[in-house]
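Notes to accompany the following structure.
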Amino acid sequence: MQVYFVATPIGNLGDISLRALETLRGADVIFCEDTRHTLKLLNHFEIKKPLVACHKFNETAAAEKLVNILVNALRENGVEYTLIPGACAFVAALVLSGFPADVFAFLGFLRGKTSEKRAFLQGYADFCGTLIFYSAPQDVDADVRLLAEVLGDRPACAVREITKIHESAEHFSLAEGLDGEKRGEYVLLVRGAQKRENPLNSLSETEHIRHYVEQGMTEKEALKAAAKDRGVPKSELYKFTVREKRKERR
């Protein structure tokens, strides 16, 4: 028995792969989040298979059906499974936004109470890469306000209706918010935090090391701390401690 996780189109049905269609046609049963949406896809490609709804409200019951069909649970019991890749909304949105893609964090939907969302976002306040979120149309304005509150004013981009007729990517600032009526599913992207310069780095090397010594560190500890601040090896700062000792002897 083999289990396949099949990526389906995020909007345009033409984005499905030939391998995905082949896999769906050969399946004994198809588990999906929304049978109505999946049925539309299957009917379009004339595929007729038994469907089982599997979403957050019935995942336990659906999992039991899956286990009964497969006899054992998947990975925990050594059942083989693989992925049939396809379109991905947050990757497409990252490209459409034009924001840096070398470092990013996909954080999904903001969930829980406002205090829980705020605490979650605080953990990424200093993250230097692009932050990516999913947001339902009724939540977009509140999500943007919370992002502005926790992260401060930053460039942002709202990408919606990816691969569909009304696809758009609108750039805005978190402080100003996103204008217009909210329709369709959104991907919100926020620029990463600017690197903060350590004010101690404006001191001379000797003054920098002396600052930590005056805070109660040993010379060795102060040397290590100053080197970390400046992003240099300790060996590059060692000569400044030697110079300081020579001055003290005079």
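The values are calculated or read from the model by the stated rules, or taken from the named source; none is laboratory data. Note that the structure is predicted; figures quoted are calculated from it, not measured. No Cβ is skipped: glycine too gets one built from the backbone with ideal geometry, and neighbour counts run over all protein chains shown. For accessibility, only protein heavy atoms count, side chains too; no ligands or nucleic acids. Shrake-Rupley method; radii C 1.70, N 1.55, O 1.52, S 1.80 Å.
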Pairs only if they're at least six apart or on different chains, beta carbon under 8 angstrom, first in the stretch 218-243 and farther than 25 Å from LYS195 by Cβ, second of a type in the set (A, V, I, L, M); list them, first residue then second. GLU219/ILE209; GLU219/VAL213; TYR238/LEU223; THR241/ILE209; THR241/LEU223
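Taking the stated definitions as given, is THR241 hydroxyl-bearing (Ser, Thr, Tyr), modelled with pLDDT of 80 or more, over 30 Å from SER97 (Cα atoms) and open to solvent by less than 40 Å² (accessible area, probe 1.4 Å)? Explain how you work it out, then say what you get.
Numbers: hydroxyl-bearing (Ser, Thr, Tyr): yes; modelled with pLDDT of 80 or more: no; over 30 Å from SER97 (Cα atoms): yes; open to solvent by less than 40 Å² (accessible area, probe 1.4 Å): yes.
Considered against the rule, which asks whether it is hydroxyl-bearing (Ser, Thr, Tyr), modelled with pLDDT of 80 or more, over 30 Å from SER97 (Cα atoms) and open to solvent by less than 40 Å² (accessible area, probe 1.4 Å), THR241 comes out as no.
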All conditions in (1) assigned to a loop (DSSP other than H, G, I, E, B); (2) modelled with pLDDT under 95 are true of GLN138 except (2)
Scanning the stretch 166-217 residue by residue, those part of a helix (DSSP H, G or I) and either closer than 17 Å to LEU151 by Cβ or not charged (D, E, K, R) (or both) turn out to be PRO199, LEU200, ASN201, SER202, THR206, HIS208, ILE209, HIS211, TYR212, VAL213
Among (1) over 25 Å from PHE127 (Cβ atoms); (2) at pLDDT 90 or above; (3) surrounded by 14 or more Cβ atoms within 10 Å (Cβ to Cβ); (4) not hydroxyl-bearing (Ser, Thr, Tyr) - the single one VAL213 does not satisfy: (2)
Pick from the stretch 93-142, criterion more than 12 Å from TYR186 (Cβ to Cβ), without any contact (Cβ under 8 Å) to a residue 40 or more places away in the chain and charged (D, E, K, R), ranking: surrounded by the most Cβ atoms within 10 Å (Cβ to Cβ): LYS117
Check on GLU80, within 29 Å of LEU13 (Cα to Cα) and exposed (fewer than 12 other Cβ atoms within 10 Å of the Cβ): yes
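If you check PHE45, PHE31, which single one turns out to be surrounded by 12 or more Cβ atoms within 10 Å (Cβ to Cβ), in contact with a strand residue (DSSP E or B) (Cβ under 6 Å, 6 or more places away or on another chain) and more than 11 Å from ILE84 (Cβ to Cβ)? Before you say what the answer is, go through the steps one by one.
On the way: PHE45 fails: in contact with a strand residue (DSSP E or B) (Cβ under 6 Å, 6 or more places away or on another chain).
Every option except PHE31 fails the conditions.
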Mind listing just one residue for me: the one in the stretch 177-193 that is open to solvent by 100 Å² or more (accessible area, probe 1.4 Å) and in contact (Cβ under 8 Å) with a residue 12 or more places away in the chain and, of those, nearest to the chain's Cα centre (by Cα)? GLU185
Matching residues in the stretch 13-50 (more than 18 Å from THR163 (Cβ to Cβ), among the basic types (Lys, Arg) and out of contact with any Asp or Glu (no Cβ under 8 Å at 6 or more places or on another chain)) number 4
Any residue that is open to solvent by 60 Å² or more (accessible area, probe 1.4 Å), under 18 Å from the mean Cα position of the chain (by Cα) and closer than 20 Å to LEU107 by Cα - is there at least one of those in the stretch 162-173? no
